Amino acid sequence: MTAKQPAPDTTGEVQTQVSACVARARAAQRQFERYTQEQVDEVVLAVGWAIMEPQRNRALAERAVADTGLGNVADKVTKNHRKTLGLLRDLRGRKSVGVINEDPAKGVIEIARPVGVVGAVTPSTNPAATPANKIINALKGRNTIILSPSPKGYSTGTLLLQYICEELDRIGAPHDLVQLLPAPVSKAATQELMRQVDLVVVTGSQNNVRAAYASGTPAIGVGAGNVAVIVDETCDVEQAAQKIRRSKVFDNATSCSSENSLVIVDAVYGATIDALLRQGGVLLDAEQKQCLQDTMWPDGKLSPAVTAKSAPTIAALAGLQGPEFERAQFLMVEETGVGDEHPFSGEKLSPVLAVYRVSGFNEAMDKVRSIYAHEGAGHSIGIHTDDRNRPLQLGLHMPACRIIVNQAHCFATGGSFDNGLPFSLSMGCGTWGRNSISDNLNYKHFLNITRIATPCTPDEPSPQDIFAEYQRRHGIV
């Protein structure tokens with residue numbers, strides 16, 4: 001019997017490969033750092049066109065679905081287009097080179113400086129749109145960027161890089177502004193990349209986010225999604241149902257911003273369910289719910305067989321038969337519990353909705369708070385309401401960085417043409433989600449800011465100016 005040979009030690013090889021990528025990136029970044037604002041903006045437009053040119057966009061969408069099996073081509077085409085167009089709108093006219101702000105009264109001048117070489121970890125759910133978003137934001141700040149895509153998304157990343165290089169050739173910019181780690185991308189290579197670069201940005205699994213924060217390199221990660229949306233008694237339930245359906249079915253719910261739970265106030269519960277049924281939802285009974293649960297979590301973990309698949313496909317896998325399932329837009333299950341023993345209370349990454357019934361708005365807040373204590377804290381909360389005070393109450397008291405009001409949630413959280421949030425596919429979740437940022441990842445996160453301070457008119461208060469009112473209130477003599 002032949003003794004089993006130990007696995008070869010590839011640590012040195014991985015380190016050498018990553019070091020070579022980083023060295024090329026540093027050389028390109030030194031050249032790129034000398035670009036003017038106009039030249040930088042030309043590079044940004046070149047990369048935007050690399051993904052938005054219609055034939056390339058469709059090729060990327062088709063490659064993504066073929067390789068990952070996640071989502072659908074038409075929606076990925078829309079996502080690639082709208083998310084990139086919105087980002088380019090956000091960046092148009094924004095200063096990111098040289099002096100970006102002056103305050104003569106304070107004697108402060110702010111200068112934008114690059115962070116250097118960025119390492120970006122990207123998911124299989126959006127293997128073109130998410131990398132493109134990070135690449136464009138990084139380049140806006142005169143940084144170079146090296147991608148570590150998920151194995152399923154690697155082929156799409158390769159095609160995207162090909163298109164980017166074609167556009168960089170068009171404008172005479174170096175290819176090494178944007179790179180991919182050599183295939184096959186391994187955990188060891190990703191960790192080595194995190195160690196060697198100047199900034200790590202991670203969208204994807206929480207294991208990768210935690211690895212980034214533990215790498216010793218400055219890191220930006222995003223938290224887990226598990227969006228809950230409140231439907232209250234003041235809203236137009238027909239409009240709410242239409243927006244929920246649009247958001248939930250888009251790209252088969254690959255987005256972390258897709259609704260996972262609806263928390264519906266009792267006074268409009270029946271009307272809302274009826275409206276959702278008219279939108280193509282199917283409400284499961286208790287037996288059907290158990291069949292679906294057994295299919296989606298066969299061993300206690302969400303099955304990849306249902307991830308980002310259509311509702312009819314998921315229903316068929318669960319053995320749910322009938323014409324209503326064949327034409328279903330999304331599936332709904334009534335839920336009361338929260339936690340590991342109630343898996344529908346967590347993120348489902350599929351067109352499946354958990355539906356909770358609550359007595360009123362205060363109980364709705366309590367239910368969402370309970371859901372987020374289980375999973376999804378910090379990300380965002382949706383609400384459909386005509387009460388202008390309730391979104392403010394959510395913002396003041398709930399563990400969420402975004403409150404999305406009367407909008408299709410997955411389109412709104414990452415920026416939309418009809419709201420003011422930055423276009424992004426990476427949403428920071430603050431300390432609630434164990435993240436270092438609480439806003440949408442944008443170009444400002446890829447800048448160092450140098451501040452020049454010169455003397456200005458002194459502004460030194462006396463102790464009496466500061467403490468007079470305090471002393472009066474408390475009788476201090």
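Checking each residue in the range 457-468 for being surrounded by fewer than 10 Cβ atoms within 10 Å (Cβ to Cβ) and either more than 25 Å from Val108 (Cα to Cα) or of a type in the set (Asp, Glu) (or both) picks out Asp459, Glu460, Pro463, Gln464, Asp465. Residues that are assigned to a helix (DSSP H, G or I), among the polar types (S, T, N, Q) and not assigned by TED's automatic domain parsing to the domain that holds Gly339 occur in the range 170-190; there is at least one. When the residues of the range 188-205 are filtered to those that are aliphatic (A, V, I, L, M) and over 11 Å from Val22 (Cα atoms), which remaining residue is surrounded by the most Cβ atoms within 10 Å (Cβ to Cβ)? Applying the filter and picking the extreme gives Val202. Checking the stated criteria, Arg357 turns out to be of a type in the set (Lys, Arg), in contact with an Asp or Glu (Cβ under 9 Å, 6 or more places away or on another chain) and not in a loop (DSSP other than H, G, I, E, B).
Against the list (1) assigned to a loop (DSSP other than H, G, I, E, B); (2) on the phi < 0 side of the Ramachandran plot, the condition Gly415 fails is (2). Inspect the range 92-108 for any residue being in contact (Cβ under 8 Å) with a residue 60 or more places away in the chain and under 21 Å from Ala50 (Cβ atoms) and give the result as yes or no. Scanning the range 92-108, I find at least one residue that is in contact (Cβ under 8 Å) with a residue 60 or more places away in the chain and under 21 Å from Ala50 (Cβ atoms), so the answer is yes.
In the list Phe423, Phe467, which residue meets the criterion of being touching a residue at least 24 places away in the same chain (Cβ under 8 Å) and either outside the structural domain of Ser345 (by TED's automatic domain parsing) or not in a loop (DSSP other than H, G, I, E, B) (or both)?
Values: Phe467 fails: touching a residue at least 24 places away in the same chain (Cβ under 8 Å).
When all the criteria are applied, what remains is Phe423.
Against the numbered list (1) hydroxyl-bearing (Ser, Thr, Tyr); (2) farther than 19 Å from Ala241 by Cβ; (3) more than 22 Å from the chain's Cα centre (by Cα), Thr307 comes up short only at (3).
Of all residues in the range 31-48, those that are surrounded by fewer than 18 Cβ atoms within 10 Å (Cβ to Cβ) and part of a helix (DSSP H, G or I) total 6. Applying the condition of being among the polar types (S, T, N, Q) and outside any helix (DSSP H, G or I) to the range 71-128 and asking which residue is farthest from the chain's Cα centre (by Cα) yields Asn101.
Would you be able to say whether some residue in the range 334-346 is assigned to a helix (DSSP H, G or I) and either outside the structural domain of Ile403 (by TED's automatic domain parsing) or within 24 Å of Asn72 (Cα to Cα) (or both)? Full working, then the answer.
Residues of the range 334-346 that are assigned to a helix (DSSP H, G or I), as a first pass: 343-345.
Retained after the next criterion (residues that are either outside the structural domain of Ile403 (by TED's automatic domain parsing) or within 24 Å of Asn72 (Cα to Cα) (or both)): 344.
The answer is yes, given that some residue of the range 334-346 is assigned to a helix (DSSP H, G or I) and either outside the structural domain of Ile403 (by TED's automatic domain parsing) or within 24 Å of Asn72 (Cα to Cα) (or both).
Go through the residues of the range 190-197 one by one and say whether even a single one is within 21 Å of Gly433 (Cα to Cα) and hydrophobic (A, V, I, L, M, F, W, C). Yes.
From Ser261, Ser255, Ser247, grab the single residue that is at negative phi, in a loop (DSSP other than H, G, I, E, B) and buried (at least 16 other Cβ atoms within 10 Å of the Cβ). Sole residue among the options that is at negative phi, in a loop (DSSP other than H, G, I, E, B) and buried (at least 16 other Cβ atoms within 10 Å of the Cβ): Ser255. Pairs are defined by a Cβ separation below 6 Å, a sequence spacing of at least 6 or placement on different chains, a first member in the range 317-341 that is closer than 17 Å to Leu302 by Cα, and a second member that is aromatic (Phe, Trp, Tyr); the pairs so defined are Val333/Phe344. Screening Ile452 on (1) more than 30 Å from Ala400 (Cβ to Cβ); (2) of a type in the set (A, V, I, L, M); (3) part of a loop (DSSP other than H, G, I, E, B) shows it passes everything except condition (3).
Condition check ((1) under 23 Å from Arg82 (Cβ atoms); (2) among the acidic types (Asp, Glu); (3) at pLDDT below 95) across all residues:
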site: Tyr372; (1), (2), (3): no, no, no
site: Ser380; (1), (2), (3): yes, no, no
site: His409; (1), (2), (3): yes, no, no
site: Trp432; (1), (2), (3): no, no, no
site: Asn435; (1), (2), (3): no, no, yes
site: Ser438; (1), (2), (3): no, no, no
site: Asn442; (1), (2), (3): yes, no, no
site: Ile452; (1), (2), (3): no, no, no
site: Ile466; (1), (2), (3): no, no, no
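Taking first residues from the range 243-257 that are farther than 14 Å from Gln279 by Cα and partners that are at pLDDT 95 or above and basic (Lys, Arg), the Cβ contacts under 7 Å between residues at least 6 apart in sequence or on separate chains come to Asp251/Lys76; Asp251/Lys79; Asn252/Lys309. Lys309 falls short on exactly one of the conditions (1) of a type in the set (Lys, Arg); (2) at pLDDT below 95; (3) surrounded by 20 or more Cβ atoms within 10 Å (Cβ to Cβ), and that condition is (2).
Would a scan of the range 310-329 turn up a residue that is more than 30 Å from Asn80 (Cα to Cα) and in a helix (DSSP H, G or I)?
Here is the first cut: in the range 310-329, the ones more than 30 Å from Asn80 (Cα to Cα) are 318-324.
Subset that is in a helix (DSSP H, G or I): 323-324.
Yes, the range 310-329 has at least one match.
Once the range 228-240 is narrowed to residues that are in a helix (DSSP H, G or I) and touching a strand residue (DSSP E or B) at 6+ places or on another chain (Cβ under 8 Å), the residue that is surrounded by the most Cβ atoms within 10 Å (Cβ to Cβ) is Ala240.
The values are calculated or read from the model by the stated rules, or taken from the named source; none is laboratory data. Here the structure is a predicted model, which means the values were calculated and not measured. Cβ atoms come from the backbone with ideal geometry, glycine included; neighbour counts cover every protein chain shown.
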